[in-house]
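The values are calculated or read from the model by the stated rules, or taken from the named source; none is laboratory data. All of these numbers come straight from a predicted model, not from anything done at the bench. Cβ placement follows ideal geometry from the backbone for every residue including glycine, while neighbour counts extend to all protein chains displayed.
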Amino acid sequence: MDFSKQIDELEEHVADIKSSAQAAATESREKLEQRIDKAQADLNMATQTAKQEADTAASGARGKWAQMKTDVAAKVGQTRAKMDKQAARMDARTAGADANWAEADADEAIDFAVWAVDNARVSVLSAIATRAEADQLTSATR
């Protein structure tokens, strides 16, 4: 299996996230809300797809990744709900604390993404090594 296409798509996804974050830094609250709503809708769609894949997948690995995506979507939903609550009661004194909380949450999400990419690297290399070994054993028995 060639993992290059998937890794290329991951790189594009990360570049898109970076671009989105850079653009968001200078946008109005209304524009940010629109951007968040779109990101949430995209995440919900990906979660639905992951749930469907998990339902049809017999292997545990896909189910684990789908569950992780579902868990992350739930966390984002909780974050969104907290943001909505915060917007209703935000004042100057709590705004800094709320921003710190949101930044910490984003930092944790990035840490999780780094872990996921590192885990994907190990999985890809393991899959390649396992395929090479299987091919070698198949050749040896001929």
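Go through the stretch 95-142 and give me each residue that's modelled with pLDDT under 85 and over 27 Å from the mean Cα position of the chain (by Cα).
Selection gives Arg142 alone.
Restricting to the stretch 1-34, count the residues that are modelled with pLDDT of 80 or more and either more than 20 Å from Ala113 (Cα to Cα) or hydrophobic (A, V, I, L, M, F, W, C) (or both).
Qualifying residue count for the region: 19.
Within the set of pairs 6 or more residues apart or between chains, which connect a residue that is surrounded by 11 or more Cβ atoms within 10 Å (Cβ to Cβ) and part of a loop (DSSP other than H, G, I, E, B) inside the stretch 42-63 to a residue that is modelled with pLDDT under 75 and small (Gly, Ala, Ser) with Cβ atoms less than 7 Å apart?
Pairs that qualify, where the first residue is surrounded by 11 or more Cβ atoms within 10 Å (Cβ to Cβ) and part of a loop (DSSP other than H, G, I, E, B) and the partner is modelled with pLDDT under 75 and small (Gly, Ala, Ser), are Ala57/Gly63.
Please enumerate the residues belonging to the stretch 1-24 that are loosely packed, with under 10 Cβ neighbours inside 10 Å and not in a helix (DSSP H, G or I).
Met1, Asp2
Taking Glu27 and the conditions (1) in a helix (DSSP H, G or I); (2) free of Cβ contacts under 8 Å to residues at least 40 places away in the same chain, which numbered condition does it fall short on, given that it satisfies the others?
Of the numbered conditions (1) in a helix (DSSP H, G or I); (2) free of Cβ contacts under 8 Å to residues at least 40 places away in the same chain, the odd one out for Glu27 is (1).
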